[in-house]
Amino acid sequence: MTVEKGSASRVPLSDDDWARVAHLFHDSTEVRRGRPTRSDRNVLNAILWILETGESWSQLPHIYSPMQTCYNKWLIWRKNGVLAQVFQILDIEGID
């Protein structure tokens, strides 16, 4: 999966773009034990960075959530159709 090379950069998402897709994610407000949850916006930015650059997950910059978290969310969101909805809403083309 890669974003068309000619398309405008989507990383990081603008506040307007995030507002258009935020409803697709459920940021839980319930108290949890263990490690803190990662921001869905930060994870989505990481996924978009991977798709835009074509880099491997191991090359993900440290400004994003951990590689394993981002990869796991990518698998989940791809399987349940969230990423397809994000790409449609944001009019991102060139996704295989």
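The values are calculated or read from the model by the stated rules, or taken from the named source; none is laboratory data. Nothing here was measured: the structure is a model prediction, and the numbers come from that model. Cβ coordinates were reconstructed from backbone atoms using ideal geometry, including for glycine residues, and neighbour counts include every protein chain displayed.
Tabulated results
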read-out: Where a residue in segment 5-22 is surrounded by 10 or more Cβ atoms within 10 Å (Cβ to Cβ) and its partner, wherever it lies, is at pLDDT below 70, with Cβ under 8 Å and at least six apart; value: Ser7/Gly94; Arg10/Val3
read-out: Output for segment 37-49, where each listed residue is β-branched (Val, Ile, Thr) and at pLDDT 95 or above; value: Val43, Ile47
read-out: All positions within segment 56-78 that are under 15 Å from Thr37 (Cβ atoms) and assigned to a loop (DSSP other than H, G, I, E, B); value: Tyr64, Ser65, Pro66
read-out: Subset of segment 79-96 that is in a loop (DSSP other than H, G, I, E, B) and in contact (Cβ under 8 Å) with a residue 60 or more places away in the chain - its residue that is surrounded by the fewest Cβ atoms within 10 Å (Cβ to Cβ); value: Asp96
read-out: Neighbours by Cβ (under 7 Å, 6+ apart or cross-chain): first from segment 44-63, more than 23 Å from Leu24 (Cβ to Cβ); second at pLDDT below 95 and polar (S, T, N, Q); value: Gly54/Thr2
